[in-house]
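Just below is one structure, and these are the notes that go with it.
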C-alpha cells in the first residue's frame, strides 16, 4: 500500500530519474487519492500516450529497483486476453500498472481533465487526472478486487454523478472493448442498492447492447 | 467523527454554521478547526472582513499552480479550468508557457500580464522550445508589449 504523501514523494523522485519530460494520465486509486477520495492505494495506474513514453518511465523506475512482474494474480484470465493490458512493475508492496493509450481496449481521452499535478525535478512529470465519471467507468472495466469499493466511494449517493457521461463514454468505447457495456451494467446494478441511478440510463445501455 | 461525517457541504459564516449544527459559538469554532485540519474546510476573509467558511465533502489541498500565479499577478482574473498542484519549483516562466498551451483567448489575455514579472528570459525560451511553443510565445510577447508595460526581451531571444 502507498499513502498520498508517499505517492507524491515517489513521483517527485521519479521526476529526478527521468531522461525526458513526460505527460501521463492517472486513473484508478492514484487519481482517487489525488482527488481526495482515498488515502492509500495498492497500485499506481498510469496511462501513457505512446510506447516510447512508457519505456522512458520504466527506465526511471527500474533504476529505483522496480521489476516487471506477471499479470497472473492481479487480473482475471478474461482481462488478460484483452487488448490494452498493462505492464506491471513492483517493488515490495508498491506496484505500477502502466498502460499505453487504452485500458483494456477502452481509449483514454486526455483533453478533459479536472486536475493536473506537476512534479518538477530534473525533468518534468505531468500527471493529468480525469473526471470522476471516467474513473467510475474505468474501475468498472478493470474489475479487480476492491474496485467496487472504490466505485462506491466515488459515487456517494449517486446524485453528483453525471450518469449521462458515464453511459455515453461506455457506448463510445464499445468498439475497442465489447464487454464494456456488460461490465458497466453489472456495476450499476450492484450500485443501485446504495445509490440513485435513474432507469433511463439502464435503458440506454440495453438499447446500445442490441 | 459522526458529526463531521454528516456535515452538509457549502458556505457558512460562524453564526449560520453554529445554528445549523445546533452548537454554541465556541463549540462551532472547535468543530471548524477540526475540519480545517482534515482539509475539509477553506476560510476566506478575516480581519475587518467577515470570515466565510467553505466546507467540502472531499479533502482538498490548496492549489499552487498556473491559476494561482495568474490570479496573483494579472488584473484579469481566471476561473480555473482544472485544479493545478505543483511539487517542485513552478515559476512565472512555467506559467506563461502553460498559459500559451491552454490557449483560449481569456487565458492568453491574462497571461500577457505575467511578462511584467519575468525573472529569467533564458528559462522562458528554454521551456517554450522544449514544449514547441516558441512562435506562439513571440506572438504573445509582441501583443503584450503593445498593451502592457513590460520589459524588453534581450536581443539574443528576438525572432
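Structure data summary
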| item | result |
| --- | --- |
| The range A:51-210 - Rg over Rh from alpha carbon coordinates, Kirkwood radius | 0.99 |
| Peptides B:108-116, A:68-76, A:130-138 ordered by average Cβ neighbours within 10 Å, highest first | A:130-138, B:108-116, A:68-76 |
| Segment residue B:27-residue B:121, extension gain: residue separation times 0.36 nm, minus the distance between their alpha carbons | 28.6 nm |
| Kirkwood estimate for the range B:66-151, i.e. one over the average of 1/r between Cα atoms, Å | 12.8 |
| Where only alpha carbons of chain B are counted, the Rg and the Dmax (Å) | 21.0, 67 |
| Mean-position separation - Cα centroids, the range B:106-159 and the range A:21-74, in angstrom | 34 |
| Cα-derived Rg over Rh, computed across the range B:2-55 with Rh taken as Kirkwood radius | 0.93 |
| With Cα atoms, 0 to 90° folded angle of helix B:134-147 axis to chain B main axis | 80 |
| Alpha-carbon Rg/Rh ratio, for the range B:93-141, with Rh computed the Kirkwood way | 0.91 |
| Cα-based convex hull volume of the protein assembly as shown per residue, rounded to whole Å³ | 171 |
| Inter-site label distance for residue A:64 and residue B:106 at 7 Å from Cα along Cβ, in nm | 3.6 |
| DSSP beta bridge pairing in the protein assembly as shown, given as percent antiparallel to the nearest 5 | 65 |
| Beta bridges per DSSP with both ends in chain A, % antiparallel, nearest 5 | 65 |
| Nearest-0.05 FRET efficiency for residue B:52 and residue A:165, computed from C-beta distance (R0 30 Å) | 0.45 |
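Any read-out appearing in this document is the output of simple, stated calculations on the displayed coordinates, not a laboratory observation. For clarity, every value in this text was computed on a predicted model and none was experimentally measured. Every residue, glycine as well, gets a Cβ built from its backbone with ideal geometry; the counts of neighbours run over all protein chains shown.
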